[in-house]
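Before any comments, here is the structure.
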4 protein chains.
Amino acid sequence: MFFASDNAGPVHPKVMEALAEANEGFAPGYGADAAMDRVRDRLRDLFEAPEAAVHLVTTGTAANSLALASLTAPYETVFCSPVAHIHEDECSAPEFFSGGAKLTLVPGGDKMTPEALRSAIEREGNRGVHGPQRGPVSLTQATERGSVYDLAELRALSAVARDFGLKTHMDGARFTNALVTLGCTPAEMTWESGIDALSFGGTKNGLMGVEAVIFFDPARSWEFELRRKRGAHLLSKHRYLSAQMEAYLADDLWLEMATRANANCARLAEGLRGTEAELLNDPQANIIFAALPRRVHERLLEAGAMYYLQDGPLEGRDGEEMLGCRLVCDWSISDALIDQFIELAKG
Amino acid sequence: MFFASDNAGPVHPKVMEALAEANEGFAPGYGADAAMDRVRDRLRDLFEAPEAAVHLVTTGTAANSLALASLTAPYETVFCSPVAHIHEDECSAPEFFSGGAKLTLVPGGDKMTPEALRSAIEREGNRGVHGPQRGPVSLTQATERGSVYDLAELRALSAVARDFGLKTHMDGARFTNALVTLGCTPAEMTWESGIDALSFGGTKNGLMGVEAVIFFDPARSWEFELRRKRGAHLLSKHRYLSAQMEAYLADDLWLEMATRANANCARLAEGLRGTEAELLNDPQANIIFAALPRRVHERLLEAGAMYYLQDGPLEGRDGEEMLGCRLVCDWSISDALIDQFIELAKG
Amino acid sequence: MFFASDNAGPVHPKVMEALAEANEGFAPGYGADAAMDRVRDRLRDLFEAPEAAVHLVTTGTAANSLALASLTAPYETVFCSPVAHIHEDECSAPEFFSGGAKLTLVPGGDKMTPEALRSAIEREGNRGVHGPQRGPVSLTQATERGSVYDLAELRALSAVARDFGLKTHMDGARFTNALVTLGCTPAEMTWESGIDALSFGGTKNGLMGVEAVIFFDPARSWEFELRRKRGAHLLSKHRYLSAQMEAYLADDLWLEMATRANANCARLAEGLRGTEAELLNDPQANIIFAALPRRVHERLLEAGAMYYLQDGPLEGRDGEEMLGCRLVCDWSISDALIDQFIELAKG
Amino acid sequence: MFFASDNAGPVHPKVMEALAEANEGFAPGYGADAAMDRVRDRLRDLFEAPEAAVHLVTTGTAANSLALASLTAPYETVFCSPVAHIHEDECSAPEFFSGGAKLTLVPGGDKMTPEALRSAIEREGNRGVHGPQRGPVSLTQATERGSVYDLAELRALSAVARDFGLKTHMDGARFTNALVTLGCTPAEMTWESGIDALSFGGTKNGLMGVEAVIFFDPARSWEFELRRKRGAHLLSKHRYLSAQMEAYLADDLWLEMATRANANCARLAEGLRGTEAELLNDPQANIIFAALPRRVHERLLEAGAMYYLQDGPLEGRDGEEMLGCRLVCDWSISDALIDQFIELAKG
């Protein structure tokens, strides 16, 4: 009953097979492998972006930090949500890779609103040489709290950025979970909605450790390559990254896994509605938040369930103390384990 | 006939099996997997260093840069060979990770001498606040040119460093190739010879992409963890790094592969002696340099051999123009391919 | 009628005289001048801190950034007010000098409360290796809004920092303005109240461009010197910094100028009470904020008054639209000019 | 008898007067003072560069580091002499301000040759993403060893840079000493000779602490301003920098002081020819190197002469051990003191 994260489950068997198949003889290193050419072509096709720059790295933090470093001068600031992964969970990697840029937290929840973004940008840019300069906007899709921006929201946000001449980056560690929720095309969710650079996640969706960075303006490509190498993120045996990504995109495996993860989460949410749990959000991707009485948490944890508790008690329906928790479903968790969790939550 | 590098061959089948075995169910991420505990214990045993800090990363550049960043203040300088990987082949990653430290090139060839090191340190440290301060010494074992420091040489070099209160780092991307050449223990080639921090390579010796960083003083561990995370080098699905390293160290697989690589290189060198090639160094590990007439290079390259030519022509025995080349053998190259190369070199 | 800042007025004549006196013959450079020895001794005496490290730089941003860089690892975060100079007015210099550390804004106004600080520290330090680590607390005395922390407040704040093992830095660009308000000793307002490092301002209080950085723990001194040199803030003709600081501290000139600046501000505030202005804060040092009808602002600005307007209209007593403004008094502004301003504000 | 450096003498009285005159009333800060407009115009006139960007800072290290940071990406390398101030005497400030760029030392003496430069550039740029990328060339005029590049040499060097698409920076800490030696115009010695950016020194030539940074391509201006502020090098009371520079350029004071300094050095050199000293270079600017018997050094130092000894003994004419020394003359040293030094050197 592992609901702590979607980065702890197994790699999809088809991906493991692809790795085994790639393990034959010699291959040019450092991204010059033939599989990388195929991956680049495939992603350009999928995103309907025949010129896009495509690069692979091993972690989401590398994808975000390197993408942002290519878009952000050291004296600029990145606009992001207060709960963005780049702010909360990367030990200041964006600050490091950019050479000391700032992050400006746009007030509000995990989903940014165009109004809050506009006001934050306006405020940040009125101190001339004294304050940091305005840099890119970074959005997370799906968000850290499991929400999904719809296309209108994405367009409204990137339009605000564009009004100020700023670029928009998308942290897509859970890109595919959002994509299948919206049922749109990758192009619609990115460059057609004003996204300039994308961290296209694979690790949280069944890969061993691969993320793609996609710049829809290919002029960014060479600088990115230099920053990747300098950041020690250019793998010599790059073919094993390419092989993972190739398998991911073949036969819609990426969509299949995200669809499954979202369905798992929906099943969990649906099941919890009939228990002592109070759902704190509607499942939009593969993350939900729920409040449960402390004694139910104890029962779950004793039974081996793994998930993160939120800070601080909440008040429940009958005045009983509740504790919030985050529940994340990956593609691999079985219906049986989900149902076992639901049963235990029934009390 | 791939002799361009030892980072382009296949992963050893036993390592692939270990990855497949590790691909079961959920495992705590970010280095908290049980396999990492076993890897740490195993490396501590092997190095007879029960307190050593042990961490895994995916590239040699990450291992070197993060290790050096933990040892070097931004206003210090690292002493290294003019042909060190950290100087020539990492796109200034050490400068990046250290926050702008310098590298001071110790005059000489790829093997540093204690005299040259002492003189470089003395010269660098006499300008008070105006010059960079003395930082660690970084040695490469085996060197970029395929040489191996013997234990007396290592001790003499680290003794010079210690005379000035400086730490010594070893870039061991080809650690095991050197170890089997010397026939000594890991402890003898490291902390017993004055080495404080080690980049323990795996990728060039049959792994998919794993290097260990070992600090013999465990006080460095937490800072390293922070720098690793901030450098985006902490993998969520860390178990797949642990699994590789565990398989590597099991049943002496690491020693077996390095022994094979060195033997492959010795076979190549021996064979070339009877050809038009002139050997430019004696094989000590798995790299040799040879000079061949241009027409022989053409024949080899046409036949599909892959290796790097050196810059600039050399003069051969009979006045014919020769071109130098670097030939690297990994564990996997077959006797047949080596012999085919030798045959072609016969002219 | 210059009320825009206290960094635009003239240098005190006694300081100019000291510069002229210092301009004789040759003097050792880079801080080795004899006057610097006297300055160090004098500041140690004044602060009753016989071991303190004392260094001079030319700007407040340099003092703050270099002091904080000495206290903050790149993977740490500095706790400060949302309106702190280090956050709003230094173009991310603290991020630059620290190698990419973060600033964590403690919610609230310009004066930090111990509760808000404790809660911010608690929140920042619970994500292990994933989030930035807790670094120093930086307080501004007097604040950017013209408030003064009393000794009990300073002690309560530094006690919170100490509870977490953190250091406390004081941005004292207007140190002396606060000191004369409190009527306490420099020691009481600093190390006796738990301050570890101080930016001791001179430029806003009648000098040409000199700030001292004082570490009460002298172990910080050598690292600071290296960071200062590397930051290009070590002046060769250092004697002209020493001469300014020496004149500043002689015959209580520093206290005299701050007392005058505060008195000027009190006179202005008192005068404005009888006008159309609404005072938005009580004068505690040399800065007040006031709201005035737009037409009064127009009259003032036409008459040549210089000061900064605040963003956004306020509602006045009779529903007339008011605009806030910041009024800063330096030591040099004459009673006549202050009175002229008051007259104009009467409408 | 102070010959240790040209940065330890007094400020020219006319500059002190200008400071006193500037000390009147209020003036807009941060470079918005009216005197700065005049300085900018004056320098543009002098350099026949009506569009040039002109900025002032307080130290030569700041001028060099900020200028180079504007020209150099973090993954690039700066080509310079092994004895360049930026390499030897700035505690790695260029590395810091550029975010970790490298310095590539062009083999040879203090004056770079076009051949050595070309070969260094060619060698540095052939490792693709693995090595640092080629960045600007930095020349020192006059050099650290007192030599002066003639115009043909400057043009040949900048032509090499331009062949590779690289920019050329001139460290002109002793710009005027070289200019009066060559007897050319500022334009001839800079942009007409292919210089893109100039550190125009004042401090070593009679100012208190002011250097101008001049970009002949004004597009660099805004980025420079941001980097200057972020580097804590934007002075609030900027008028005192402007005043110094204005006085410097008025009535040819800058040329007068450099002419005097060079003449002082020539007098010293001429005088020493009739003594036990052996001149090690011909005076071209205001620095000479000479070898003297140890006992003569002792006599000089006892008599209060101040200058730097070189490392290591030299052999003199008659086999007596000689020690080299560097002798620098500023504008202010009197004929009497020079002659006294010469007398003492006679033995």
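The values are calculated or read from the model by the stated rules, or taken from the named source; none is laboratory data. This one's a predicted model, so the numbers in the text were calculated from it and none came from an experiment. FYI the Cβ positions are ideal-geometry reconstructions off the backbone, even for glycines, and counts take in every protein chain you see. For the accessible areas, the whole protein counts, side chains as well, though only heavy atoms, and no ligand, DNA or RNA atoms are used. Shrake-Rupley method; radii C 1.70, N 1.55, O 1.52, S 1.80 Å.
Overview of values
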read-out	value
Search result, residues across region A:317-330 that are open to solvent by 30 Å² or more (accessible area, probe 1.4 Å) and in contact with a helix residue (DSSP H, G or I) (Cβ under 9 Å, 6 or more places away or on another chain)	A:Glu320, A:Glu321
Helices (runs of 4 or more DSSP H) contained in region A:167-265 and holding at least 3 residues within 30 Å of A:Ile121 (Cβ to Cβ) and touching a helix residue (DSSP H, G or I) at 6+ places or on another chain (Cβ under 8 Å)	A:175-182, A:186-189, A:221-230
Top-ranked residue in region D:69-97 [being in contact (Cβ under 8 Å) with a residue 24 or more places away in the chain and polar (S, T, N, Q); ranked as nearest to the other protein chains (Cβ to nearest Cβ)]	D:Thr77
Lone unmet requirement of (1) assigned to a loop (DSSP other than H, G, I, E, B); (2) at the interface with another protein chain (Cβ under 9 Å from one of its Cβ atoms); (3) at pLDDT below 95 for D:Arg123	(1)
Residue list for region B:42-68, filter: of a type in the set (A, V, I, L, M), in a strand (DSSP E or B) and either within 12 Å of chain A (Cβ to nearest Cβ) or farther than 22 Å from B:Cys184 by Cβ (or both)	B:Ala53, B:Leu56, B:Val57
Top-ranked residue in region A:98-111 [being part of a loop (DSSP other than H, G, I, E, B) and within 14 Å of chain D (Cβ to nearest Cβ); ranked as surrounded by the most Cβ atoms within 10 Å (Cβ to Cβ)]	A:Ala101
Flag for B:Thr140 being of a type in the set (Val, Ile, Thr) and out of contact with any Phe, Trp or Tyr (no Cβ under 7 Å at 6 or more places or on another chain)	yes
Selection status of B:Phe216, away from chain A (no Cβ under 14 Å), within 28 Å of A:Cys91 (Cα to Cα), under 20 Å from the mean Cα position of the chain (by Cα) and surrounded by fewer than 24 Cβ atoms within 10 Å (Cβ to Cβ)	yes
Residue match in region D:127-150 (condition: farther than 30 Å from A:Phe96 by Cα, touching a His at 6+ places or on another chain (Cβ under 9 Å) and outside any loop (DSSP other than H, G, I, E, B))	yes
Index of the failed condition, C:Pro82 passing every other in (1) farther than 24 Å from C:Gln284 by Cα; (2) in contact with a strand residue (DSSP E or B) (Cβ under 7 Å, 6 or more places away or on another chain); (3) surrounded by fewer than 22 Cβ atoms within 10 Å (Cβ to Cβ)	(1)
Search result, residues across region A:132-147 that are more than 14 Å from chain C (Cβ to nearest Cβ), open to solvent by 10 Å² or more (accessible area, probe 1.4 Å) and farther than 17 Å from A:Phe215 by Cα	A:Arg145, A:Ser147
Single residue of region D:164-183 satisfying the filter (within 27 Å of D:Thr59 (Cβ to Cβ) and over 17 Å from the mean Cα position of the chain (by Cα)) that is most open to solvent (accessible area, probe 1.4 Å)	D:Lys167
Condition broken by B:Val39, with the remaining ones in (1) out of contact with any Asp or Glu (no Cβ under 7 Å at 6 or more places or on another chain); (2) more than 14 Å from chain A (Cβ to nearest Cβ); (3) assigned to a helix (DSSP H, G or I); (4) open to solvent by less than 10 Å² (accessible area, probe 1.4 Å) satisfied	(1)
So B:Ala161, is it within 13 Å of another protein chain (Cβ to nearest Cβ), crowded, with 19+ Cβ neighbours inside 10 Å and in contact with a strand residue (DSSP E or B) (Cβ under 6 Å, 6 or more places away or on another chain)	no
Of the criteria (1) in contact with a helix residue (DSSP H, G or I) (Cβ under 6 Å, 6 or more places away or on another chain); (2) crowded, with 24+ Cβ neighbours inside 10 Å, which one B:Val129 fails	(2)
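Table: residues versus (1) within 14 Å of chain B (Cβ to nearest Cβ); (2) hydrophobic (A, V, I, L, M, F, W, C); (3) exposed (fewer than 14 other Cβ atoms within 10 Å of the Cβ); (4) within 30 Å of the chain's Cα centre (by Cα).
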position: A:Ala266; (1), (2), (3), (4): no, yes, no, yes
position: A:Glu270; (1), (2), (3), (4): no, no, yes, yes
position: A:Gln284; (1), (2), (3), (4): no, no, no, yes
position: A:Glu315; (1), (2), (3), (4): no, no, yes, no
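Here's the yes/no breakdown for (1) in contact with a Phe, Trp or Tyr (Cβ under 7 Å, 6 or more places away or on another chain); (2) without any contact (Cβ under 8 Å) to a residue 40 or more places away in the chain; (3) buried (at least 23 other Cβ atoms within 10 Å of the Cβ):
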residue	(1), (2), (3)
D:Phe2	yes, no, no
D:Ala8	yes, no, yes
D:Ala20	no, yes, no
D:Tyr30	no, no, no
D:Glu48	no, no, no
D:Val57	no, no, yes
D:Ala63	no, no, yes
D:Ala67	no, no, yes
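Residue by residue, here is whether (1) crowded, with 22+ Cβ neighbours inside 10 Å; (2) more than 9 Å from chain D (Cβ to nearest Cβ) holds:
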| residue | (1), (2) |
| --- | --- |
| C:Glu188 | no, yes |
| C:Ser193 | yes, yes |
| C:Lys204 | yes, no |
| C:Leu235 | yes, no |
| C:Met245 | yes, yes |
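The rows are residues; the columns are (1) of a type in the set (A, V, I, L, M); (2) within 17 Å of C:Thr168 (Cβ to Cβ); (3) in the same structural domain as C:Asp196 (by TED's automatic domain parsing).
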residue: C:Gly99; (1), (2), (3): no, no, yes
residue: C:Thr104; (1), (2), (3): no, yes, yes
residue: C:Lys111; (1), (2), (3): no, yes, yes
residue: C:Pro114; (1), (2), (3): no, yes, yes
residue: C:Gly131; (1), (2), (3): no, no, yes
residue: C:Arg134; (1), (2), (3): no, yes, yes
residue: C:Val137; (1), (2), (3): yes, yes, yes
residue: C:Gln141; (1), (2), (3): no, yes, yes
